[in-house]
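Structure first, then comments.
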Amino acid sequence: MDNNVKSYRLQANLSQKQLATATGITRQTLSLIEKGEYNPSLKLCFSLCHILNKTLDQLFWMNTEGRDNHEKNS
């Protein structure tokens, strides 16, 4: 899953630590989310949306490139 969490966090002038604390997760977990290496729960996604004042669509989307390429090769 791809996301814009980092760019919207920076626009909101929040550090990773501040956003992580506000959502009840560790800074390390937030870092993994921003890098796309951790898929957050739906509850956490909504919490991030609320704090950053963004919609789910603005923050997260599925990267379908790999799936599309797989389907073409099948």
Cβ pairs under 8 Å, 6+ apart, first in the range 42-62 and small (Gly, Ala, Ser), second buried (at least 17 other Cβ atoms within 10 Å of the Cβ): Ser47/Thr23
Which numbered condition Pro40 fails, given (1) assigned to a helix (DSSP H, G or I); (2) crowded, with 17+ Cβ neighbours inside 10 Å: (1)
Complete set of residues in the range 47-57 that are surrounded by fewer than 14 Cβ atoms within 10 Å (Cβ to Cβ) and either closer than 19 Å to Asp2 by Cβ or polar (S, T, N, Q) (or both): Asn53, Thr55, Leu56, Asp57
In the range 16-26, the residues that are surrounded by 14 or more Cβ atoms within 10 Å (Cβ to Cβ) and outside any loop (DSSP other than H, G, I, E, B): Gln16, Gln18, Leu19, Ala20, Thr21, Ala22, Thr23
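Since every read-out is calculated from the coordinates, none of them should be taken as a lab result. Since this is a predicted model, take the numbers as computed values, not measurements. A quick note on method: Cβ atoms are made from the backbone with ideal geometry, for glycine too, and the neighbour counts reach across all protein chains shown.
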